[in-house]
Amino acid sequence: GGDNYLTLRLKVNWAHDSRNRALFPNRGSLMRIKADIATPGSEYQFFHLGYKQVQYFSFSKKLTLMLKGDIGFGDTYGSEIFPPFENYYAGGMNSVRGFKDNTLGPRDLKTNRATGGQLRTVGNAELIMPIPFVKDSAAYRLSSFIDVGNVYESLDNFNANELRYS
């Protein structure tokens with residue numbers, strides 16, 4: 001059988017969205033701030049803080065630059081151990097493309113699998129354009145991107161030389 005943990009959480013999210021449309025925006029921004037805390041009395045006392053900023057710059061009707069930064073940090077405030085099932089992961093389509101899903105960061109020495117960590121950093125830059133030679137490409141876009149990021153065991157382990165790029 002599996003282990004069971006009693007955790008009562010308090011979550012607060014705030015977002016400001018000024019994008020011109022929800023699907024395929026080409027100007028405006030999205031800012032999201034998150035806080036999540038396991039309340040006193042939970043078996044583990046920990047918290048998560050997150051900040052995400054996405055900015056769209058339209059250079060013409062057909063050319064858009066998207067810049068995104070996303071950082072997540074978690075730590076304990078009463079427990080000595082940060083629960084491993086609360087770790088951050090990165091790699092894959094929603095973070096650093098070019099790497100398999102959830103493969104960046106610290107690894108288990110025996111299995112060589114990513115174990116996640118308490119700090120996640122991701123940055124993306126995309127140049128977005130319509131698909132050439134397609135008359136009605138409103139439902140599809142083409143982009144060229146640079147992604148950067150990694151996961152670190154803790155804030156103290158952050159090392160910019162260990163950032164991964166694609």
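The values are calculated or read from the model by the stated rules, or taken from the named source; none is laboratory data. As the structure is a computational prediction, the values presented were derived from the model and not from experiment. Glycine gets a Cβ as well: all are built from the backbone with ideal geometry, and neighbour counts include every protein chain shown. Remember, those area values only see protein heavy atoms, side chains included, never the ligands or the DNA or RNA. Shrake-Rupley method; radii C 1.70, N 1.55, O 1.52, S 1.80 Å.
Out of the residues in the stretch 98-109 meeting the condition of being touching a residue at least 24 places away in the same chain (Cβ under 8 Å) and surrounded by 14 or more Cβ atoms within 10 Å (Cβ to Cβ), tell me which one is nearest to S166 (Cα to Cα).
F99
When the stretch 132-149 is examined, which residues are found to be in a loop (DSSP other than H, G, I, E, B) and of a type in the set (A, V, I, L, M)?
Answer for the stretch 132-149, where residues must be in a loop (DSSP other than H, G, I, E, B) and of a type in the set (A, V, I, L, M): V134, A138, A139.
Can you spot a residue in the stretch 110-122 that is under 25 Å from R32 (Cα atoms) and in contact (Cβ under 8 Å) with a residue 60 or more places away in the chain?
no
Going by what's in this entry, would V96 be described as in a loop (DSSP other than H, G, I, E, B), of a type outside the set (S, T, N, Q), in contact with a Leu (Cβ under 9 Å, 6 or more places away or on another chain) and closer than 20 Å to Q53 by Cα?
Considered against the rule, which asks whether it is in a loop (DSSP other than H, G, I, E, B), of a type outside the set (S, T, N, Q), in contact with a Leu (Cβ under 9 Å, 6 or more places away or on another chain) and closer than 20 Å to Q53 by Cα, V96 comes out as yes.
Taking the stretch 8-46 only, how many residues are assigned to a loop (DSSP other than H, G, I, E, B), among the hydroxyl-bearing types (S, T, Y) and surrounded by 15 or more Cβ atoms within 10 Å (Cβ to Cβ)?
Residues meeting the conditions: 2.
Residue by residue, here is whether (1) hydrophobic (A, V, I, L, M, F, W, C); (2) farther than 30 Å from N26 by Cβ holds:
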residue	(1), (2)
Q53	no, no
F59	yes, no
D70	no, no
T76	no, yes
E86	no, yes
M93	yes, no
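Which residue is farthest from V96 (Cα to Cα), if the candidates are limited to the stretch 47-72 and must be surrounded by fewer than 16 Cβ atoms within 10 Å (Cβ to Cβ) and of a type in the set (S, T, Y)?
S60
Does G92 fit the bill of being touching a residue at least 12 places away in the same chain (Cβ under 8 Å) and either open to solvent by less than 50 Å² (accessible area, probe 1.4 Å) or under 29 Å from S58 (Cβ atoms) (or both)?
The answer is no for G92.
Go through the stretch 150-164 and give me each residue that's touching a residue at least 60 places away in the same chain (Cβ under 8 Å), touching an Asp or Glu at 6+ places or on another chain (Cβ under 8 Å) and in a strand (DSSP E or B).
Hit for the stretch 150-164 is N150, nothing else.
Surrounded by 17 or more Cβ atoms within 10 Å (Cβ to Cβ), part of a strand (DSSP E or B) and charged (D, E, K, R): is that true of D75 in this structure?
No; evaluated as a whole, the condition is false for this residue.
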